[in-house]
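What follows is one structure encoded as structure tokens, with my remarks underneath.
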């Protein structure tokens with residue numbers, strides 16, 4: 001019996017990337033040819049044309065639930081957002097991960113990671129290529145056309161983690 005902690009499912013980067021692109025196409029997006037945005041090369045850049053305006057999406061795929069890799073991806077997404085602006089959607093994309101490690105990461109340091117993701121206004125998607133599903137666990141898209149395509153579209157971790165972090169911070173303040 002292995003004593004190693006389960007961290008994430010073993011989906012290859014390409015499988016997660018492919019399913020993410022298919023998800024966006026189901027939502028009416030066109031996948032754009034990859035190109036640099038400043039110094040960052042997003043794994044996914046997609047557009048949906050509407051009368052009067054366009055929706056754009058930028059995504060970075062991360063293969064493992066490792067703090068350094070996750071934080072690097074958030075930094076890269078924030079760099080893209082700094083150049084492209086606040087009107088578009090940005091997402092960190094991971095394969096399904098160990099829920100305990102996910103919650104631990106989000107609640108770390110009194111919810112500092114969760115609050116930072118919320119402040120950056122970046123989504124976190126978990127993509128399961130085997131089940132052909134995408135779950136937006138943190139945040140929500142500006143383009144509401146995508147919302148109906150998410151699995152568990154009414155159940156993000158925002159409500160659970162947000163309330164827990166706020167409650168803990170209030171309790172910590174009352175103690176001091």
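Rounded to the nearest 0.05, what FRET efficiency do residue 86 and residue 21 give with R0 = 30 Å and r taken as the Cβ-Cβ distance? Could you check?
Values: r = 24 Å, r/R0 = 0.79.
That gives a FRET efficiency of 0.80.
With Cα atoms defining each centre, segment 24-95 and segment 117-154 are spaced 13 Å apart in the structure.
Using 0.36 nm times the number of residues separating residue 98 and residue 67, minus their current alpha carbon distance, what extension gain do you get? Please report the intermediate quantities before stating the final value.
On the way: separation 31, 0.36 × 31 = 11.16 nm, distance 1.35 nm.
Between residue 98 and residue 67, full extension yields an extra 9.8 nm.
Overall size of segment 13-175 from C-alpha positions, given as principal axis extents largest first: 53, 34, 31 Å.
Values quoted throughout were computed directly from the atomic coordinates according to the rules given, and no laboratory measurement underlies them. Remember, it's a predicted structure, so these values are computed and weren't measured experimentally. No Cβ is skipped: glycine too gets one built from the backbone with ideal geometry, and neighbour counts run over all protein chains shown.
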